[in-house]
Every structure is written in structure tokens, then in C-alpha cells.
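The values are calculated or read from the model by the stated rules, or taken from the named source; none is laboratory data. In this text, all values refer to a predicted model and were calculated from it rather than measured experimentally. All Cβ positions, even for glycine, are placed from backbone atoms using ideal geometry, and neighbour counts span all protein chains on display. Heads up: the accessible areas ignore ligands, DNA and RNA and are worked out on the full protein's heavy atoms, side chains in. Shrake-Rupley method; radii C 1.70, N 1.55, O 1.52, S 1.80 Å.
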Amino acid sequence: MIFGKEGDNMPNLKTAKKNLRKSKKRQQVNKQYESKINLLLKKIKKEAKKGGKNLKELVRNLYEVVDKAAKKNVIHKNKARRLKSKAAKLIKK
């Protein structure tokens, strides 16, 4: 059950309240990174199908976002490597 949705599940301790605030902020940031990554992957796939010219720029942007997400522990470093490899394969096709 998610805290903060119903009144009877709200944290009582001061530190628990702060931890709830922190986790909500972190959740928003993580969601932003995940959505950026997914959006860039979709764009890359679309460009690869029609043979777009700005494919390298999109892949460079994806690399930046993925590296930053891995550095901030939003995604695991091995997942970052997998995503980058997947994008590189799409370019070669």
C-alpha cells in the first residue's frame, strides 16, 4: 500500500515523514529519467526504420541520459550498457 493516499497510513515519526517526502521526490526524478530514456529509444527506432539523418544525434542524447541515470543509480550500470548496445545495433542496421 502506498503511504500518503489514506489518512490512517500516514507516518507518525518526524523522520518517517521526511523519508516519505524524500522518496516522493526521488520517485519523480526517477520517473523523468525512465520516460526520457523510453522516449529516446522510440525516436531512435522510428528514425532507424526510415533511415533518418539525425540518428547519431539521438543516440548521443540517449547515451548522455543513460549514463547520467546510471550514475545517479536510477538504473543499474549493466542495464545502461544494455540500452547503449541496443541503440548501437539499431544504428548499424
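Annotations for the structure displayed:
- Every residue from the range 14-38 that is surrounded by 12 or more Cβ atoms within 10 Å (Cβ to Cβ) and under 16 Å from Lys84 (Cβ atoms): Tyr33, Glu34, Lys36, Ile37
- Applying the criterion of being under 14 Å from Lys43 (Cα atoms) and more than 11 Å from the chain's Cα centre (by Cα) to the residues of the range 59-82, the residue that is surrounded by the most Cβ atoms within 10 Å (Cβ to Cβ) is Val59.
- Residue count for the range 29-50, restricted to those that are within 8 Å of the chain's Cα centre (by Cα) and more than 18 Å from Ala69 (Cα to Cα): 0
- Tally of residues being open to solvent by 100 Å² or more (accessible area, probe 1.4 Å) and either modelled with pLDDT of 90 or more or in a helix (DSSP H, G or I) (or both) across the range 41-56: 5
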